[in-house]
1. Can you show me the helix-derived [θ] at 222 nm for the chain, built from DSSP H runs with n ≥ 4 at -39,500 (n - 2.57) apiece and divided by the number of residues, rounded to the nearest 500.
2. In the neighborhood of residue 11, defined by Cβ-to-Cβ distances under 14 Å, what is the net charge if each Lys or Arg adds +1 and each Asp or Glu adds -1?
3. With mean projected area of the Cα convex hull in nm² in mind, check [x] 4.9; [y] 3.8; [z] 4.2 and report the label derived from this structure.
4. Once the Cα atoms of helix 2-30 and of the chain are each reduced to a long axis, what angle between those two axes, in degrees from 0 to 90 to the nearest 10, is obtained?
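Read-outs throughout are calculated quantities, based only on the coordinates presented, and are distinct from any laboratory measurement. All figures in this text were calculated on a predicted structure; none of them were measured in a lab. Glycine gets a Cβ as well: all are built from the backbone with ideal geometry, and neighbour counts include every protein chain shown.
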Amino acid sequence: MDDLDTLKARVKKLNAQATQAKMDLHDLSEDLPTNWEKILVVAQIAYDAHQSLIAARQALASATA
């Protein structure tokens, strides 16, 4: 049961991080062309956050199946 709770907590944490990364990317896009140099960095952070979230969700789904 602890493993399941740990996975749920991880998904919750990663979801918050992915949401923040999405908002950062959105905010950057609204300010373009200001800070255009940061596009690749911010986009990579958002990509990595969502990739980690999807993997954690899959692990949780496997653990509950």
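1. Numbers: 2 runs with 55 residues, N = 65.
Per the formula, -30500 deg cm²/dmol.
2. On the way: positive: 8, 10, 12, 13, 57; negative: 3, 5.
The answer is +3.
3. [z]
4. Result, in degrees: 10.
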